[in-house]
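Structure record follows, encoded as structure tokens.
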């Protein structure tokens, strides 16, 4: 608390993703790393659960509870829920008063290609929390910083962030983004594809949690992937009764491949538009892969085989974005100031 | 009866206190739980009145043994039909007497909390009649919960976790089916095909097949003694049935065997199975996957018919488990529901 008096501005970094919400508080570290899900009591509007607990409720609640994912496709779709979720997280911090919040500097990370309105919504959100000093940064920039890459040199770095709602691809040089693109093909899209596939081939309906589990357990992009067959449960579409489903690694691979191919198309598109001087850098240093979906086995090899550029998954794919906010808070996203040297 | 109790409590130094009371008011049986006392009453919900003076002659087992045997001076009432209250005055009397049965109980009804259990699909009017009953008993603090919820808790299921569970309660007047998760009901269904309906089917069968008119009590006895749903019966059990011959009008006694009764029971159980399928169809898929892992629990008097689990397993194809104490599951559940007042927020662990 002594430190707080010396430097009485609090820094808050928020990675508000479709799948997970991560919050970084200066001098405290990452204080929240849980799914971005919140559950309300319908009658009173009170929060029943948030984060991990609420995530477990998805698709399982009775009509007295409503479970909400405040973000869809990388942008806020339910303002009230987003605010409640952030309030819940900030409420967990001890000794935090409203006065502290008004002195807080806050950085929120968002996907690359969001509209002005969608960005404003993010700022609005922070304003509603009584935080006055807010700025928005792109997730890839923060992700690159968080994975320990010095982006403030005259060296081009390419980042591919495959998150929950969006996949962002960008080239960074001299501390800021040269060009970036986004598609809304990422983790939850893959889950949906798996759900559709199971529905089509086996006539069984599965829930969100199950399809996510399938992706995590069976997702494998290696050419010679070991074929594992796992058993999952869902609901028979015809008879309506619960039914077991057998799903193999090869089937999941067949579902995931088209999605990844689209991502690769985006990456090559970005590479095509990259200035040649930077292309050379990228060819030398390779592409950085971040985000939850880069944890699928064999992603590195899959990209390398198709793009012919070395690809590396960062050591902290899930937390690198929020870790990057640590540096962004120091220089407020200014490319002239290298926060790594501060 | 009631008067003597009041005198007693006055004599005692202890003044009556309000307690938590849970009542499973079933068509067939009434069970009363009082906090700190346990299950005080577990008897048929039947009451016998004197026709002229309207005095209570007998309740519970005594009154049940009078069914079909009373004369003009006695009026025998089952205050509940098909799971809901049909005679509120009689119900009130029945509960009052049940509460006063145990001596030395310092119970002040008006300051107690009363929990009444009702079937899943009752209309608002029917629900209101339960509230009225509470008001008539002089209890200010009354709340109503669905039987299926109490039954699930009483069967030992942890309904407060996000792990979904399914339970079927085959009672006397209604069969309730429910899928529960996070402390409340997600999907439920109810059908009035239950114990009493089975009895009726057995009566009809004997009348058409053997030309024998039997009473409700005999039909129930046959169901309890040799009722079965097994697909293969090795040595059919037998029992006797006596009644009146339809043609001659004379008393007659015949023997019936298990296979015959099974064929009668299969039909109503088929429709219960259809109802279960219906509920499963409207269950969210995430819960479906929990149910296939955990299996389905069966409670209520109907769970005591031989081979119920096997029958449902053959029809629906999931694991069916029988509740350990099928008859008292609901009232056991009220014990916990009284602690959290039915709120799904609060987990009433001990």
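If you take every DSSP beta bridge fully contained in the protein assembly as shown, what fraction is antiparallel? Give it as a percent rounded to 5.
Beta bridges within the protein assembly as shown, antiparallel portion: roughly 70 percent.
Over the protein assembly as shown, the hull volume per residue, using the convex hull of the C-alpha atoms, is 184 Å³.
By the beta-carbon count within 10 Å of each Cβ, the least crowded to most crowded order of A:134, B:187, fewest first, is A:134, B:187. The Kirkwood hydrodynamic radius of chain B, based on inverse pair distances between different Cα atoms, is 21.3 Å. Kirkwood hydrodynamic radius computed over the stretch B:142-197 comes to 11.4 Å, based on all pairs of distinct alpha carbons.
Compute the length gained on full extension between residue B:313 and residue B:231: take 0.36 nm times their separation in residues and subtract their Cα-Cα distance, giving the result in nm to one decimal.
28.4 nm
Residues B:337, A:86, ranked from the fewest to the most other C-beta atoms within 10 Å, line up as B:337, A:86. Pairwise inverse Cα distances across the stretch B:195-264, averaged and inverted, put the Kirkwood hydrodynamic radius at 12.0 Å. Cα centroid distance between the stretch B:250-292 and the stretch B:182-212, in Å? Here the two parts' Cα centres lie 9 Å apart. Mean silhouette area of the stretch A:187-255, derived from the convex hull of its C-alpha atoms and averaged over all directions, reads 4.1 nm². Under the definition of Cα pairs under 8 Å and six or more residues apart, what whole-number percent is the relative contact order of chain B? Here the relative contact order equals 17 percent.
A Förster distance of 22 Å, applied to the separation of the beta-carbon atoms of residue B:257 and residue B:321, puts the FRET efficiency at 0.15. Over every Cα atom in chain A, the radius of gyration and the widest Cα-Cα span, Dmax, amount to 20.9, 67 Å. The slack between residue B:65 and residue B:207, meaning 0.36 nm per residue of separation minus the straight C-alpha distance, is 48.9 nm. Normalised by the number of residues in the stretch B:215-350, the mean separation of alpha-carbon contacts (under 8 Å, six or more apart) gives a relative contact order of 21 percent.
Restricting attention to chain A, close to 70% of DSSP beta bridges with both partner residues there are antiparallel. Report, for chain B, the % of DSSP beta bridges that are antiparallel, rounded to 5. Bridges in chain B are about 70 percent antiparallel. The three principal axes of the Cα atoms in the stretch A:288-332 give end-to-end lengths of 38, 19, 12 Å, sorted in falling order. Averaging Cα coordinates gives a centre for the stretch A:92-125 and one for the stretch B:293-327; these two points are 54 Å apart. Taking only alpha carbon atoms, the stretch B:272-314 gives an Rg to Rh ratio of 0.99, where Rh is the Kirkwood radius. Residues of the stretch A:223-261 with an amide N closer than 19 Å to a point placed 7 Å from the Cα of residue A:297 along the Cα-to-Cβ direction: A:223-232, A:246-258, A:260. So which residue, out of B:145, B:89, B:220, gets the largest mean-square fluctuation from a GNM of chain B using Cα contacts under 10 Å as springs? Judging by the Gaussian network model, the answer is B:89. For the protein assembly as shown, adding -39500 (n - 2.57) for each run of n ≥ 4 DSSP H residues and dividing by the number of residues yields -11500 deg cm²/dmol at 222 nm. Computed over the stretch B:93-162, the P(r) tail beyond 17 angstrom holds 55 percent of alpha carbon pairs.
Over the stretch A:175-218, the pair-distance histogram of Cα-Cα distances with 5 Å bins from zero comes to 5, 20, 24, 17, 9, 7, 7, 6, 3, 1, 0 percent, rounded to whole numbers. Note on chain B: with a GNM built from Cα contacts shorter than 10 Å, the maximum mean-square fluctuation among B:216, B:253, B:278 falls on B:253. Each residue, residue A:257 and residue A:97, gets one label point 7 Å from its Cα in the Cβ direction; the gap between the two is 6.2 nm. For chain A, modelled as a GNM whose springs connect Cα atoms under 10 angstrom apart, the maximal fluctuation among A:225, A:19, A:126 occurs at A:225. The alpha-carbon positions of the stretch A:256-331 define a convex hull whose volume is 112 Å³ per residue.
At a threshold of 8 angstrom on Cα-Cα distance, excluding pairs fewer than six apart, so keeping six or more, what relative contact order does the stretch B:195-264 reach in percent? 32 percent. Once the Kirkwood radius over Cα pairs is known for the stretch A:215-288, the Stokes-Einstein relation at 37 °C and 0.692 mPa s delivers a diffusion coefficient of 212 µm²/s.
Summarised as an ellipsoid, the stretch B:113-232 has semi-axes of 32, 21, 11 Å, derived from the eigenvalues of the Cα gyration tensor scaled by 5 and square-rooted, with the largest first.
Residue order for B:46, B:247, B:330, B:17, fewest other beta carbons within 10 angstrom first, comes to B:247, B:17, B:46, B:330. The stretch A:213-278 and the stretch B:122-160 have their alpha-carbon centroids 48 Å apart. Pairs of Cα atoms in the stretch A:179-306 fall into 5 Å distance bins, from 0 up to the last occupied one, in shares of 2, 10, 19, 20, 16, 11, 9, 6, 4, 2, 1, 0, 0 percent.
Values quoted throughout were computed directly from the atomic coordinates according to the rules given, and no laboratory measurement underlies them. As the structure is a prediction and not an experimental result, all values here were calculated from the model. Heads up, the Cβs are rebuilt from the backbone with ideal geometry, glycines too, and the neighbour counts pull from every protein chain shown.
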